[in-house]
Amino acid sequence: MRDKAENLETHRTRQTPDKKPGDSKGSAKVCVFPAQLESDTQIAKATAKKLRIPFVDPLRAHIEPSAVALLKPEIAFGRQALPIRLVNNILLVAMATPQQPMAIRSLEILTGCKIRPAAAPKSALSVALRQTYEQPSRGATEGQQEALKGTQEKKAEAGKTGPLTVSVVSNKGGVGKTHFSINLAYALAKTGAKVLLIDADLGSADISTKLGIFAKYHLWHFLQKDQDMKHIVVPTTFRFDLICGTYGEFKLANLYYAQKVKFIKHFKKTSAGYDFVVFDLGAGIARTVLDFALGADHTVIVTTPQDLISGYACAKAAFFRYKEIEERLETRLTEYTPEFTFSPMLVINQVNHLEQGVKIYDSIERIVNKNINASEGRFRLKPEYLGSMPYDRESLRTAEQNMHPFLLDFPYVKVSQCIQHMSTRFCNPENPYDTRLNFKHSFRRFVAILTQKI
């Protein structure tokens, strides 16, 4: 059986040209990293040889529709994984990151099959994913094809105008939101990207304590006009830069309009040199928190099995605020077309096993469809499953004592591998939902949301 599978999955391949900056349909900020300037094909072959797994060129492989049907398009794009064929309940999957056990395990949970990973060139895999899951576009008219091409070009252009922003929020404290933000920033920085972590938990900042970084100036000094934003950015030994928050400042937790405008103006200049910006927002569903969350390119909601209802409540509150903002933008901006689907990313922390995280996500999705989508008109709440994190008390306690990201001290424990795997979702953003398409520059959406007087 193994010989049969290997005969089916091994093919002679063509060399893929070296990628040039800006060629990718994903984030232009990522494709210029030094590690990706080498040939994708050579990297994939070296990975296959090191891991002793097959190498597959997905553009030349025979892809079985029955195998493709096992994985939803949003999961395939998000995980950068393309099912090739199914033999005796063993699913051969072309993957961009076959070296990550958590990625393989999550695919086994989602498909119900034993996964046999195969290394594939990233550029070829991205093309094959679009060709496989976007078949209707092949039969489109020339006009439709031109419209699709124009949309893709706008999406690529939008990705070049500034950093990719990720906001991390939760409905209550103690669910691991700040730990996730810190380790996500570190995971992204390890790729060679320039990352800025902003402690925007306004009035109750915690990143400084967890990392032992107590800056002389922080957000309060900026908002009180004591310092420019560029002067409160602190380099760290963890490869990312940090803007620290402050504790117990009621005024900082309730920003007024002029402060939001000032933050926007200076943030645009300061963030221009970064590839990613991660906002660690405060717990709860206050309007300022939700507006910062919705202004980012991606909104991540962290919850736990014990706080299932809180996680759902956070997604629900964000959705109705999102709907309110979209309707207001539609009224105020004549050429604006609302995006009717809001897709926050869910992270289930402190799970006993990965299957538990998937079951909790399924439960939230069912509740959303029953209580919200069934009665809504134009708008839909469609949460995306970003991943789960098992609870590792010893690693977490040791990392806190060392004041380090636990991904730095314990890179091979399950929780670290889970975050590492989730970070690839932002490095390879093949996301069909992208509100930036309605703005020539993605930063304009950020401005439009934060400056809403509603």
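FYI, it's all coordinate maths here, none of it is from the lab. Quick caveat, the model's predicted, so the values are computed rather than measured. Here Cβ is always computed from backbone atoms with ideal geometry, including for glycine, and neighbour counts include all displayed protein chains.
Less than 5 angstrom separates the built amide H of Arg116 from those of Leu91, Leu92, Val93, all sequence-distant by 5 or more or on a different chain. Here the label points at Arg287 and Lys370, each 7 Å from Cα along the C-beta direction, are separated by 3.3 nm in the simple model. Couplings for the range 113-123, taken from phi via the Karplus curve 6.51 cos²θ - 1.76 cosθ + 1.60 with θ = phi - 60°, read 10, 6, 9, 10, x, 9, 6, 9, x, 4, 5 Hz in order; Gly and Pro are left as x.
Taking amide H as placed 1.01 Å from N in the peptide plane, Val351 has its amide H under 5 Å from the amide H of Met389, Tyr391, each at least 5 places away in sequence or on another chain. Do any of Lys225/Lys316; Lys50/Lys414; Lys72/Lys177; Lys45/Lys190; Lys177/Lys225; Lys45/Lys269 go past 32 Å between their Cα atoms, and which? Flagged as over cut-off: Lys225/Lys316; Lys45/Lys269. Between Glu324 and Asn88, the FRET efficiency from the beta-carbon distance, with R0 = 56 Å, is close to 0.60. Counted residue by residue at 0.36 nm each, then reduced by the alpha carbon distance between them, the extension gain from Leu51 to His353 reaches 106.2 nm. Could you give the distance between the Cα centres of the range 356-415 and the range 172-211, to the whole Å? Measuring centre to centre over Cα atoms gives 15 Å.
When you count the other C-beta atoms within 10 angstrom of each residue and take the mean per peptide, 104-113, 72-81 line up highest first as 72-81, 104-113.
Run the dipole for the range 307-440 about the Cα centre, Lys and Arg Cβ at +1, Asp and Glu Cβ at -1, nothing else charged, and hand back the magnitude in debye, nearest 20. It would help to have the intermediate numbers written out before the result.
On the way: 17 positive and 18 negative charges, 53 e Å.
Rounded to the nearest 20 debye, it is 260 debye.
When the charge dipole of the range 353-393 is built from unit charges on Cβ atoms (+1 for Lys and Arg, -1 for Asp and Glu) and taken about the Cα centre, the candidate among Tyr391, Ile372, Gly357 whose Cα reaches farthest toward its positive end is Ile372.
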